[in-house]
1. Can you tell me which of (1) in contact (Cβ under 8 Å) with a residue 24 or more places away in the chain; (2) surrounded by fewer than 18 Cβ atoms within 10 Å (Cβ to Cβ); (3) among the β-branched types (Val, Ile, Thr) is the one A:Ile26 doesn't meet?
2. When B:Leu300 is evaluated against the numbered criteria (1) touching a Gly at 6+ places or on another chain (Cβ under 7 Å); (2) surrounded by fewer than 23 Cβ atoms within 10 Å (Cβ to Cβ); (3) within 23 Å of B:Pro141 (Cα to Cα), which criterion, by number, is the only one it fails?
3. Where residues in the range B:139-177 are in a helix (DSSP H, G or I) and hydroxyl-bearing (Ser, Thr, Tyr), which of them is modelled with the highest pLDDT?
4. Given the criterion aliphatic (A, V, I, L, M) and either over 30 Å from B:Thr297 (Cα atoms) or modelled with pLDDT under 90 (or both), identify the matching residue among A:Leu83, A:Leu36.
5. Can you tell me which residues in the range B:231-243 are in a helix (DSSP H, G or I) and either touching a Pro at 6+ places or on another chain (Cβ under 6 Å) or in contact (Cβ under 8 Å) with a residue 40 or more places away in the chain (or both)?
6. I'd like the full set of residues that are touching an Asp or Glu at 6+ places or on another chain (Cβ under 7 Å) and of a type in the set (Val, Ile, Thr), limited to the range B:61-112.
7. Report, by residue number, each residue of the range B:88-98 that is under 21 Å from B:Glu139 (Cα atoms) and either touching a residue at least 60 places away in the same chain (Cβ under 8 Å) or within 19 Å of the chain's Cα centre (by Cα) (or both).
8. Go through B:Gly186, B:Gly193, B:Gly258 for me and flag whichever is buried (at least 24 other Cβ atoms within 10 Å of the Cβ), within 30 Å of B:Ala63 (Cβ to Cβ) and more than 11 Å from chain A (Cβ to nearest Cβ).
Amino acid sequence: MQMHDAHRVEIIIEAVMERRLCERLIEAGVTGFTVLPVHAGSGRSGHWEREGQVSKAGGMVAVICLLRPDRVDSLLEAVFPLLERHIGVVSVCEAKVIRSERF
Amino acid sequence: MLELAADNLTSPMILCFVLGVAAALARSDLSFPEAVAKGMSIYLLFAIGFKGGVSLNEAGIDARLVGAILAGVALSAVFPLVGFRLLALLTSLGPTDRAAIAAHYGSISIVTFVTAVSVLDAGGIAHEGYMVAVAAAMEAPAILTALWLVARGGGTTQTGGSSGHHLREILLNGSIVLLLGAFAIGWITGPDGQREIDAMITAPFKGVLCLFLLDMGLVAGRGLRNARGIIGPGLLAFGVLMPLLGAAIGIAAGAMLGLSPGGVALFAVLSASASYIAVPAAMRVALPEANPSLYLTLSLGITFPFNLVVGIPLYLWAATAFAGG
């Protein structure tokens with residue numbers, strides 16, 4: 001089967017920032033992305049888990065988008081000002097997609 | 001006073017809370033599914049809001065209602081200034097952490113308020129139904145004061161939105177919308193409306209509150225567990241002194257407004273309580289450099305249990321002694 005190059009951008013960010021991040025993605029022309037709940041984790045700010053949180057303040061979400069390699073820089077430039085002061089991880093990796101016209 | 005404290009400590013609600021704290025401290029795997037906890041909080045907010053609205057329908061609107069709301073807004077805006085100074089005296093924290101913590105103490109804990117209302121109802125102590133509206137009005141002003149404190153010190157606030165944007169988010173927070181919406185429905189439909197849904201909002205209320213406080217005890221217990229290594233003596237002192245100071249100011253304000261002893265006690269509870277739902281979320285957006293472990297642990301692990309176990313009977317006793325009854 002014919003496969004096409006793409007990049008997978010994964011942004012793990014505080015749940016309170018989810019709406020703002022999605023708005024930035026849409027403004028940057030990224031119309032396809034997926035938001036996943038994050039169960040637990042550990043990092044520079046210590047261990048945390050979703051269970052027992054009474055506020056969105058303690059939760060995290062993962063926002064994943066697949067896009068053409070030439071669009072990655074513009075996406076990162078659009079979202080970086082929003083993310084730089086917050087707890088989270090941004091990673092980019094190479095991926096393959098089957099239907100390239102969708103990205 | 002001792003009788004009040006004993007009644008409070010041996011009530012099913014407080015014992016459920018203590019069970020939750022003990023289970024969390026003992027690292028039990030007891031937990032509530034997220035959706036169940038959310039469902040119980042929706043039920044409690046609706047019931048307390050509705051009953052407050054019915055009470056206003058029966059008593060009618062008077063100048064005290066407007067005065068109480070304005071006083072609540074003013075106190076919520078001023079308490080962070082007091083907390084900010086007190087934290088400077090007791091700790092070596094920087095201005096951003098101090099402002100973020102202080103914001104929590106200007107805002108309110110609706111669970112503490114609901115528990116206090118339940119204690120008053122159990123004791124047959126009358127109180128103004130519109131205190132629900134005062135509670136809603138006290139949620140947000142503290143956040144603006146905290147942002148002003150940081151901006152005044154040259155710090156950076158806000159990511160992806162203005163102060164107005166943050167305020168809109170807080171005012172449209174689900175808890176506030178539900179509380180005020182139920183209050184409005186109760187006010188419009190009055191006692192006739194209450195009769196129609198009484199079986200749902202009155203009889204199960206205490207039982208649901210017991211389970212909800214069991215869950216909150218688990219959360220507070222986890223907060224207490226985390227407090228080791230995070231909360232030093234200065235912060236611990238703040239977590240107890242600030243509610244006492246807030247309650248004293250709240251009692252004075254409530255008495256000056258001419259509220260009933262029950263109303264003064266509720267004003268004290270609102271003034272003494274610290275937010276752990278709306279304000280932490282707002283602080284994560286507006287002041288991401290502030291350490292969330294400090295304000296969440298202090299508010300949930302120290303002040304919330306203190307107010308629930310010691311504060312409510314103490315404030316009720318002081319309100320009765322000060323405002324008569």
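The values are calculated or read from the model by the stated rules, or taken from the named source; none is laboratory data. Computed from a prediction, not measured in an experiment: that's the story for all the values here. In this analysis, Cβ positions are derived from the backbone assuming ideal geometry, glycine residues included, and neighbour counts consider all displayed protein chains.
1. Every condition holds for A:Ile26 apart from (1).
2. Condition not satisfied by B:Leu300: (2).
3. Looking at the filtered set, the residue picked out is B:Thr145.
4. A:Leu83
5. Within the range B:231-243, B:Gly234, B:Leu235, B:Leu236, B:Ala237, B:Phe238, B:Gly239, B:Val240, B:Leu241, B:Met242, B:Pro243 meet the criteria.
6. Matches in the range B:61-112: B:Thr96, B:Ile108.
7. B:Thr96, B:Asp97
8. Unique residue meeting the criteria: B:Gly186.
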